[in-house]
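All of the numbers you see were taken from the coordinates with simple rules; none came from a lab. Model, not experiment: these values are computed from the prediction. For neighbour counting, all protein chains shown are included, and Cβ atoms are generated from backbone atoms with ideal geometry for every residue, glycine included.
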Amino acid sequence: MDMIEKDKEWDLIITPKKSFFSVDVKSIWKYRDLLTLFVKKDFISVYKQTVLGPVWFFVQPILTTITFTVIFGNVAKISTDGLPKILFYMAGITLWNYFAECLNKTSNTFVVNQGIFGKVYFPRIITPLSVVINCLLKLAIQLFMFAGFWCYYYFVINIDIMIKPTVFLLPLLIVVIAIMGLGFGMIISSMTTKYRDLTFLVGFGVQLLMYTSPVIYPLSAVPEQYKWLIMLNPMSSIIELFKYSLLGVGYLDWFWLGYSVIISIVLFIVGFLIFNKVEKSFIDTV
């Protein structure tokens, strides 16, 4: 019997994590097919039984942009630094929506997936990662739409919009937003296993956070002595750099951009470690 046991080669051996810093990164790559499956499922299922289907990927940011244009641009008369209102608001909304969706959807990972987590083994980090990648696909679609509006204003309306060399930093900006939303979301998700109240506060908090970033107003409209308060929001420098790179108007400050990158990395590391710890025992508290 012992000889038979010795000859067995197990395909998978599941062992408990030994410490707070015990992270099995290899398992994420091993389950990459499951990650792809989750991304595909989430992307298809969201609008599967709707009339417009994937068209909602375009409709939602357009409606939000029109609303901001009417309320903040035409009624409140908030400056857009001389840029077409549609382009100005869409630039901020596109990036902010990606961050907000990553944060909102990853912040309830344990609560929403408690059924499958309690039955099947796989690296739990796969679930929030699939959310971020799924949101990235939506971002790509909305960036394509933004490019269409940009071309219209530049080639048809003949508005002089200057593209800056920093446009090559845009992939880095997207990565920073992704790890920021993922890290923040994992921290909140780990806390909601015990404190469900956070679930109700996240949506309100994200909405409030948007008004402390230059989405509906340019940073130039903020008094000089208060600009640093706006820049404390790590999304502010990212949105400003995006506008600066593609629209030629914005606030470029390498110090605050570095600040945003550092905050994103710290949030991701802390979120990953807390998530890694909570996943061992969350099923007893959810």
Single residue of the stretch 229-249 satisfying the filter (outside any helix (DSSP H, G or I) and not β-branched (Val, Ile, Thr)) that is nearest to GLY148 (Cα to Cα): GLY248
Per the filter on the stretch 220-249, residues closer than 20 Å to PHE68 by Cα, buried (at least 21 other Cβ atoms within 10 Å of the Cβ) and without any contact (Cβ under 8 Å) to a residue 40 or more places away in the chain are SER236, GLU240
Pairing a residue in the stretch 172-189 that is under 18 Å from LEU257 (Cβ atoms) with any residue that is of a type in the set (Ser, Thr, Tyr) and assigned to a helix (DSSP H, G or I), where Cβ atoms lie under 6 Å and the two sit 6 or more apart in sequence or on different chains, gives VAL176/SER264; ILE177/TYR98; ILE179/SER264; MET180/SER264
Flag if ILE188 is within 22 Å of ILE274 (Cα to Cα) and crowded, with 21+ Cβ neighbours inside 10 Å: yes
Which count do you get for residues in the stretch 101-115 that are touching a Lys or Arg at 6+ places or on another chain (Cβ under 9 Å) and either of a type in the set (D, E, K, R) or not in a helix (DSSP H, G or I) (or both)? 2
Exactly one of MET162, MET180 is assigned to a helix (DSSP H, G or I) and over 22 Å from ILE71 (Cβ atoms), and that one is MET180
What are the residues in the stretch 67-108 that are exposed (fewer than 15 other Cβ atoms within 10 Å of the Cβ) and free of Cβ contacts under 8 Å to residues at least 40 places away in the same chain, if any? THR67, VAL70, ILE71, ASN74, VAL75, ALA76, LYS77
Flag for TYR226 being part of a helix (DSSP H, G or I), of a type outside the set (Gly, Ala, Ser) and over 15 Å from ILE177 (Cα atoms): yes
Answer yes or no as to whether ILE216 is assigned to a loop (DSSP other than H, G, I, E, B), among the hydrophobic types (A, V, I, L, M, F, W, C) and surrounded by fewer than 16 Cβ atoms within 10 Å (Cβ to Cβ). no
